[in-house]
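Asker: Structure in structure tokens, see below.
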Amino acid sequence: MNHAEEAIRLITGDRNESYGTPDQDFSGIAAMWTGLLNTRLTSPITAEDVPLMMTALKLRRQAHRPKDDNLIDAHGYLLCLQWMQTGIRPVVGNQNRPTHNED
């Protein structure tokens, strides 16, 4: 299994069951980050900002000390962003099927 396939398995399985859909999870994280940084921000952090910033974190860690976990997680965050933007839940292979994110 390659890194992208492993990321899809994680974000649509275990992590999705534990934390909810990316929209749900990242909206909550964005609200918390906005609250923590509110005196420094000119606008709120969005749910779509979260996977971008988490990808940056994983790439920084990869640059410091390469690990498969960093690459898998970076793939996963970018796949979550794509899922949020398109509404299409990722699947291994070319079998993407539209799904509706439930709140």
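Asker: Please give the FRET efficiency for Asp14 paired with Leu37, using the beta carbon to beta carbon distance and R0 = 30 Å, rounded to the nearest 0.05.
Answerer: Details: r = 29 Å, r/R0 = 0.98.
Efficiency, rounded to the nearest 0.05: 0.55.
Asker: Please list the three semi-axes, largest first and in whole Å, of the ellipsoid equivalent to segment 27-69, using sqrt of 5 times the eigenvalues of its alpha carbon gyration tensor.
Answerer: Equivalent-ellipsoid dimensions as semi-axes: 25, 11, 8 Å.
Asker: Given only helices, namely DSSP H runs of n ≥ 4 each adding -39500 (n - 2.57), what is the per-residue ellipticity at 222 nm of the chain, to the nearest 500 deg cm²/dmol?
Answerer: -20500 deg cm²/dmol
Asker: Then there's this: If a/c stays under 1.5 just call it rounded; otherwise compare a/b with b/c (prolate if a/b is bigger, oblate if not). Do that for the chain, with a ≥ b ≥ c from the square roots of the Cα gyration tensor eigenvalues.
Answerer: oblate
Asker: Still on this structure: If you place +1 on the Cβ of every Lys and Arg, -1 on the Cβ of every Asp and Glu, and leave all else neutral, what size is the dipole of the chain about its Cα centre, to the nearest 20 Debye?
Answerer: The calculation lands at about 400 debye.
Asker: Can you work out the Karplus-derived ³J(HN,Hα) for every residue in segment 37-48? Use 6.51 cos²θ - 1.76 cosθ + 1.60 with θ = phi - 60°, whole Hz, and x for glycine or proline.
Answerer: Rounded to whole hertz, the list is 9, 4, 7, 10, 9, 9, 8, x, 6, 9, 4, 6.
Asker: Also, I was wondering about something else. Would you give the gap between the C-alpha center of segment 1-18 and the C-alpha center of segment 60-86, rounded to a whole Å?
Answerer: Each part's Cα centre sits 11 Å from the other's.
Every number here is computed from the coordinates shown, using simple stated rules; none is lab data. Just so it is clear, the structure is predicted and the values come from calculations on it, not from any experiment. FYI the Cβ positions are ideal-geometry reconstructions off the backbone, even for glycines, and counts take in every protein chain you see.
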